[in-house]
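Reviewing the structure listed below.
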Amino acid sequence: MGKKKNIGKVEWELLVKLATNETGSKDREEAKSLLNKSQEIRTELETTQKMLGKIDDFYSLKNFDSHNAWKNVQSKIYPEKTKTVQLKNIRKEAIRKFYKYAAIVFVVLLLGSIGYYIGFVYQNPVHENQIVMAENQVLNEYVLPDGSVVTLNWNSQLEFPKNFNDSIREVTIRGEAFFDVKPNAKKPFVINAGNAQVKVLGTSFNVSAYPETETVEVVVKTGKVRVIRKKPDTQTAINEVILVPGEKGTLFNQSNLLEKSVNTNPNFVAWKTLDLIFDKVPLNEVILNLEKVYHADIQLMEPELNNLVYTGHFDQKPINFVLDVIRLTFNLNLSEENEQFVLSDRK
């Protein structure tokens, strides 16, 4: 819209008010008079009104919600289809909400179950036992949860919990083991060994409790040990013995008799140390010690060889070396067949 030469500022202001319907009663009278006087102003008013109309149409089209309008048209043309679609949408929304709330309930139940399980475990701890074995091995060493060290002899088994409780450290031995118990005055160390029970606070000792043998033997190296019969005998007062270093407790399985004596065998732990000492020992007893320490099968061919007396010291020596020394000492023959050593007289 360009500004005409014959239209003044006042006329233009009045013209704009007319085009935008912003005239008052006074303005309308002046505008009427002005329009009657000038064809040019009438023409310009019509042009301005048409332009403003196009602008209004443009903005109306821009703000038009075509999506909703199309839905309204569809609902009139295909009412059943639209209803089906709406029902499907409602169903999808309901299913979505159902799974949403189901997931929330599941998470709540899961967290509750976990909380219950944790509470149950802490209130009722499961003492899962560990079992270690020394099968066909000379020895096997283990460190227990409290720091105590146990060395297992050949074909022996030790059972103990993953964690000791607050009042006791309890294990079970089948076979032979050497215990080096870590001191703890508040938590005694208890060993179940066949028909005997051994209680200590902190010490080192040897326990032999093979199921097939006739006795359970406990020999103390350091500290103090209490050996108790699991089956008390009311006819005797000796249901337990206290052992100090150098002493041995023996429980006879068949008679359930418990005895305390001085340990006269310096080789009670030689199976662990391979340190063998013999001081005027009959040869048959020497052979028994060697068989136990080296897990070897050794035979004395002639009965009179049993009464030979031997003195000697072997520290960390192999079985072949030890038997060869004995052979030379008594001028014997030594042979090995089918994993069996045989000592015989040279006659």
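The values are calculated or read from the model by the stated rules, or taken from the named source; none is laboratory data. None of the values given here were measured: they were computed from a predicted structure. We place every Cβ from the backbone using ideal geometry, glycine too, and count neighbours over all the protein chains shown. Keep in mind that these areas ignore ligands, DNA and RNA; they rest on the heavy atoms of the full protein, side chains included. Shrake-Rupley method; radii C 1.70, N 1.55, O 1.52, S 1.80 Å.
Brief remarks follow.
- Whether the stretch 246-285 is rounded, prolate or oblate, judged on the alpha carbon gyration tensor where a/c under 1.5 counts as rounded: prolate
- Solvent-accessible area, 1.4 Å probe, carbon plus sulfur percent, for the stretch 158-253: 48 percent
- Residues in the stretch 247-256 carry Karplus couplings, in order, of 10, 10, x, 10, 10, 8, 4, 5, 8, 6 Hz; the curve used is 6.51 cos²θ - 1.76 cosθ + 1.60 with θ = phi - 60°, and Gly or Pro positions show x.
- C-alpha center-to-center spacing [the stretch 147-202, the stretch 252-317] in angstrom: 26 Å
- Dipole of the stretch 211-347, positive direction: furthest Cα of Leu308, Val220, Val269, with charges on the beta-carbon: Val220
- Out-of-range pairs (alpha-carbon distance over 32 Å; input Lys187/Lys272; Lys187/Lys280; Lys231/Lys280; Lys224/Lys280; Lys187/Lys317; Lys182/Lys248): Lys187/Lys280; Lys231/Lys280; Lys187/Lys317
- Among Glu259, Glu29, the sequence by solvent-accessible area, most first, with a 1.4 Å probe is Glu29, Glu259.
- Per atom type, the stretch 262-347 shows carbon and sulfur on 49% of its accessible surface, probed at 1.4 Å.
- Residues whose amide H lies under 5 Å from that of Leu274, counting only those 5 or more places away or on a different chain, are absent; hydrogens are built 1.01 Å from N in the peptide plane.
- Surface per residue (accessible, 1.4 Å probe) for the stretch 227-347, Å²: 59 Å²
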